[in-house]
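Down below is the structure, laid out as structure tokens.
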Amino acid sequence: MPCEGCMERDNESTDATVEFLLLGFSELFCLRVFLFLIFLIVHLVTLAGNVMIFVAVVMEPSRPPMLFFLCQLSVIELCYTLVIVPKALLSLIVVDGSTISFIGCAAQMHFFVALGGAECFLLVAMSYDRYVAICQPLHYIAVMNEGLCFRLAMACCVGSFAVALGLTVAVFRLPFCQSHRINHFFCDVPAVLHLACTQSYTPELPLLAACVILLLLPFLLILTSYVCIAVALLHVTSSLGRSKAFSTCFSHLAITLLHYGCATFMYIRPKSSYSPAQDKMVSLVYTNITPLLYPLIYSLRNKEIRGALRKILRRKRVAQLNSDTIRAVTGVW
């Protein structure tokens, strides 16, 4: 039941003029400058790492399916950090928190959920790629063709953006109390739901449905793929063959555990257990540290990425040598 002082939506609503106050880390006043510098460095390194992987894959003439999916993952992570981190950095500069409009808050939530959901679906596509590579190696090239990869990539984006739109509309149609102070550094779903003037669990149903579609269903599909992979590896007699097959799955498994570990803790729980301080710390890892680890994991563990990066460095050295040679011959420095 709505509480007293809820936003009126019966008459001419002024949603466009309503503003929310993101409190961010206002309670950590003494650590404000330190946190700002840490977040800024992590953000810049994350952007550089994902841009490096994206450029390496784009410049590769022959792109295997895994490289294609890694390229899409890098684009998602780039957009993901740009949606969240700049506002978080601003909240550290402004003493009393930063304001965000009603439309801006809804847009930030929509893109955050959509990009996170697209990553969940993309992890499913990558697990299917590993399943075909290990369980059906003779049919890999025929099955994982360019057309299928493109359709899977489009399905990941369209599906996640549709689910995110439904969730965002459901959340922002709720009546909010007069206090528009969001105890978070971005418009996260649990933090905004905490402001809803309702005493029932009905507002949590869209979030529950989104969690089932974006988290539970993809996780079950990934689990099914790896069960099939494990069964197939049991029939491999060579220990070297088993270790090599597992090595190709390590990066994907590591990222899956990081992504689903944080997301499950944040969203699959009742509203009554909501803890702002705890949520902010987990969200900090989820939105800053995890995207930083992705390029590191893939650049260190994926031989295709390492090969593409070596080619870029080799081209750069050749271009530099040619430039120095031309300058030496012409005498122009």
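The values are calculated or read from the model by the stated rules, or taken from the named source; none is laboratory data. Worth saying up front: this structure is predicted, and the values here are computed from it rather than measured. Quick reminder, even Gly has a Cβ in these numbers, built from the backbone with ideal geometry, and neighbours come from all protein chains shown. All accessible areas refer to the heavy atoms of the entire protein, side chains included, with ligands and DNA or RNA removed. Shrake-Rupley method; radii C 1.70, N 1.55, O 1.52, S 1.80 Å.
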Looking only at region 16-37, and only at residues there that are surrounded by 14 or more Cβ atoms within 10 Å (Cβ to Cβ) and out of contact with any strand residue (DSSP E or B) (no Cβ under 8 Å at 6 or more places or on another chain), the one that is modelled with the lowest pLDDT: SER26
Close pairs from region 265-285: first modelled with pLDDT of 75 or more, partner open to solvent by 50 Å² or more (accessible area, probe 1.4 Å) and of a type outside the set (D, E, K, R), Cβ under 8 Å, at least 6 apart: LYS280/ASN183; VAL282/PHE265
Scope region 224-268; condition out of contact with any Cys (no Cβ under 8 Å at 6 or more places or on another chain), aliphatic (A, V, I, L, M) and not in a helix (DSSP H, G or I); matching residues: VAL236
Does at least one position in region 89-97 carry a residue that is of a type in the set (Asp, Glu) and at pLDDT below 80? yes
Starting from region 66-79, keep only residues that are touching a residue at least 12 places away in the same chain (Cβ under 8 Å), then list their pairs with residues that are among the basic types (Lys, Arg) and open to solvent by 20 Å² or more (accessible area, probe 1.4 Å) whose Cβ atoms are within a distance under 9 Å, requiring at least 6 positions of separation or different chains. MET66/ARG130; CYS71/ARG63
Somewhere in region 149-166, is a residue of a type in the set (A, V, I, L, M), touching a residue at least 24 places away in the same chain (Cβ under 8 Å) and closer than 15 Å to PRO65 by Cα? yes
For region 38-57, name all the residues that are crowded, with 18+ Cβ neighbours inside 10 Å and small (Gly, Ala, Ser). GLY49, ALA56
Qualifying positions in region 110-126 - open to solvent by less than 10 Å² (accessible area, probe 1.4 Å) and either among the acidic types (Asp, Glu) or more than 13 Å from the chain's Cα centre (by Cα) (or both): GLU119, ALA125, MET126
Can you find a residue that is open to solvent by less than 50 Å² (accessible area, probe 1.4 Å), aliphatic (A, V, I, L, M) and modelled with pLDDT of 80 or more anywhere in region 236-250? no
Could you tell me which residue of region 88-99 is farthest from MET52 (Cα to Cα), considering only residues that are in a helix (DSSP H, G or I) and open to solvent by 40 Å² or more (accessible area, probe 1.4 Å)? ILE93
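Name the residue, out of SER179, SER160, that is closer than 21 Å to GLY261 by Cβ, out of contact with any His (no Cβ under 9 Å at 6 or more places or on another chain) and hydroxyl-bearing (Ser, Thr, Tyr). Walk me through how you get there before you give the answer.
Working: SER179 fails: closer than 21 Å to GLY261 by Cβ.
Result of the check over SER179, SER160: SER160.
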Within the bounds of region 220-230, is there any residue that is more than 16 Å from the chain's Cα centre (by Cα), open to solvent by less than 50 Å² (accessible area, probe 1.4 Å) and aromatic (Phe, Trp, Tyr)? yes
Could you check region 116-214 for helices (runs of 4 or more DSSP H) lying wholly inside it with 1 or more residues that are farther than 19 Å from ALA106 by Cα? 140-143, 146-172
Which residues, counting only those in region 201-219, are touching a residue at least 24 places away in the same chain (Cβ under 8 Å) and more than 24 Å from the chain's Cα centre (by Cα)? TYR201, PRO203
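Out of all the residues in region 58-74, which are open to solvent by 60 Å² or more (accessible area, probe 1.4 Å) and under 21 Å from the mean Cα position of the chain (by Cα)? Write out each step before concluding.
Within region 58-74, the subset open to solvent by 60 Å² or more (accessible area, probe 1.4 Å) is 58-59, 61-63, 68.
The answer is VAL58, PHE68.
Being β-branched (Val, Ile, Thr) and under 10 Å from the mean Cα position of the chain (by Cα) is the filter; apply it to region 75-87 and report the residue that is surrounded by the fewest Cβ atoms within 10 Å (Cβ to Cβ).
The extreme case among them is VAL75.
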